[in-house]
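The values are calculated or read from the model by the stated rules, or taken from the named source; none is laboratory data. For clarity, every value in this text was computed on a predicted model and none was experimentally measured. With ideal geometry, Cβ positions are generated from the backbone for all residues, glycine too; neighbour counts draw on all protein chains shown. Ligands, DNA and RNA are stripped out before the accessible areas are found, and what is left, the full protein with its side chains, is counted by its heavy atoms. Shrake-Rupley method; radii C 1.70, N 1.55, O 1.52, S 1.80 Å.
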Amino acid sequence: MRLATIDHGGRPTLVVATSDDEVAVLPERFADVGSISRVSAEVGVAAANEALAAGERLPTADLTWLPPVLRPGKIVCVALNNSANPRRIISGPATPAMFIKPSSALVGHGRPVRLRRSDGRVHPEPELAVVIGAGGGDIAESDALSHVFGYTILNDITAPDLRAEDTFHYQAVHPSPGGDEVRYVESWVSYPARYKGSDTFGPLGPWVVTTDEIADPHALRITCTHDGRLVTDDTTANLRFSVSEVIAFASRYMTLEAGDVIGMGTALRRSPQGGAAVQNLDLNRLGGEVAVQIDGIGTLANPVQWR
């Protein structure tokens with residue numbers, strides 16, 4: 001199934017695709033993809049079948065799209081999880097490195113990414129995203145894919161200049177080797193709240209495609225364009241850590257819940273046609289529209305707007 005959340009009559013409404021051009025409205029008790037991810041597969045399929053048989057039909061061209069999961073409990077993002085350019089990592093962990101993006105950053109397909117000139121350089125990060133179905137903690141890697149409800153698209157908008165402003169170079173306090181005294185260790189640390197979590201820095205959607213329609217989440221072409229010009233042309237085969245590895249690792253530290261979203265890391269490989277890397281695509285300078293497309297899932301496009 002291809003599911004989406006729209007604004008219909010002033011309220012969030014869950015719809016299922018009947019074709020590329022039309023959707024059917026699910027029963028009112030399902031307001032978004034998060035709500036259907038929390039019920040059993042049998043109940044969810046029955047509700048979708050009810051909509052396909054007798055639900056109100058709407059043309060996709062007229063839809064006002066919302067983030068498919070309106071308020072996920074958490075959006076877990078994996079940093080530097082692309083093996084297409086391993087030379088970029090001088091040193092780093094041998095396990096996934098994660099940060100949390102707030103649900104207030106989410107915005108739907110077609111809605112603007114709103115920037116301030118003071119944000120400095122801002123660039124897109126095209127990513128495959130996982131929507132959790134059955135939650136849990138300490139999930140085994142061998143069982144991890146059974147906890148996936150479906151797949152969608154995340155554009156992890158990033159403002160490196162805000163990161164620089166929120167970076168400390170300081171003397172961290174550590175215990176001495178004997179434990180009785182303190183020692184000071186020169187350290188660098190930055191915090192992602194602004195540069196990753198500002199409002200509209202998380203375009204998501206438009207569709208969530210259920211797992212039965214994605215045979216292999218690691219065999220999907222992913223592209224990013226700016227005003228129609230191809231910038232990134234990559235594949236999820238280049239993920240450094242797989243979906244199963246990330247789910248298993250994340251669930252060791254935080255219980256995953258139905259409706260949670262996991263951003264699998266930025267597609268980095270540049271277009272064979274050449275040109276700038278995605279990190280050089282300064283949306284605050286160029287404006288325009290950025291679009292992310294993933295095979296089998298769809299296209300997420302958002303214009304830039306200034307506050």
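Largest GNM mean-square fluctuation among Arg88, Arg229, Arg163, using the chain with Cα springs under 10 Å: Arg88. Overall shape: oblate for the stretch 95-216, with the ratio a/c of the largest to smallest alpha carbon gyration tensor axis at 1.5 or above and b/c at least equal to a/b. Leu106 exposes around 20 Å² of accessible area when a 1.4 Å probe is run over every protein chain in place. Spatial offset of the stretch 271-288 relative to the stretch 63-106 amounts to 20 Å, using the alpha carbon center of each. Restriction of the trypsin sites (Lys or Arg not before Pro) in the stretch 95-154 to DSSP coil positions whose beta-carbon has at most 13 other beta-carbons within 10 angstrom yields Arg116. Model label sites at Gln273 and Leu145, defined 7 Å from Cα along the beta-carbon direction, differ in position by 3.4 nm. Taking a point 7 Å out from the Cα of Trp306 in the direction of its Cβ, the residues of the stretch 259-298 whose backbone N falls within less than 16 Å of it are 282-289. About the centre of its Cα atoms, the chain shows a dipole size close to 960 debye [charges on the beta carbon of Lys, Arg (+1) and Asp, Glu (-1) only; nearest 20 debye].
Label-to-label distance for Ala193 and Arg221 is 4.2 nm, based on points extended 7 Å past Cα in the beta-carbon direction. Sorting Asp212, Asp166 on solvent-accessible area from highest to lowest, probe radius 1.4 Å, gives Asp212, Asp166. Each label point is 7 Å from the Cα along the Cα-to-Cβ direction; what then is the distance between the points at Tyr184 and Asp166, in nm? Simple spin-label model gives 2.6 nm for this pair. Rolling a 1.4 angstrom probe over the protein heavy atoms, how many square angstrom per residue are accessible across the stretch 144-228? Accessible area per residue: 49 Å². From the square roots a ≥ b ≥ c of the eigenvalues of the alpha-carbon gyration tensor of the chain, which class results: rounded (a/c under 1.5), prolate (a/b over b/c), or oblate? Note, shape of the chain comes out prolate. Its relative contact order, with pairs defined as Cα atoms under 8 Å and 6+ residues apart, puts the chain at 25 percent.
Of Thr200, Pro177, Thr152, which is farthest on the positive side of the dipole of the stretch 114-256, counting Cα position, with +1 on Lys and Arg Cβ, -1 on Asp and Glu Cβ, and the Cα centre as origin? Of the listed residues, the answer is Thr200. Over all other residues within a Cβ to Cβ distance under 13 Å of Ser83, the charged ones net out to +2, with Lys and Arg as +1 and Asp and Glu as -1. Report the net charge of residues surrounding Tyr191, where surrounding means a beta-carbon distance below 11 angstrom and charges are Lys +1, Arg +1, Asp -1, Glu -1. The answer is +1. Here the contact order of the stretch 84-157, divided by its residue count and restricted to Cα pairs under 8 Å and six or more residues apart, works out to 30 percent. Charge tally around Gly136: other residues with Cβ under 12 Å, Lys/Arg +1 each, Asp/Glu -1 each, net -3. Overall, the accessible surface of the chain at a probe of 1.4 angstrom is composed of carbon and sulfur to the extent of 49 percent. Computed from Cα atoms, the angle from the helix 41-54 axis to the main principal axis of the chain rounds to 40 degrees. Scalar couplings 3J(HN,Hα) for the stretch 262-273, obtained by applying the Karplus form with A = 6.51, B = -1.76, C = 1.60 to θ = phi - 60°, are 10, x, 7, x, 6, 6, 10, 4, 6, 4, x, 6 Hz; x denotes Gly and Pro.
Taking the DSSP beta bridges with both ends in the chain, the antiparallel portion is around 90 percent.
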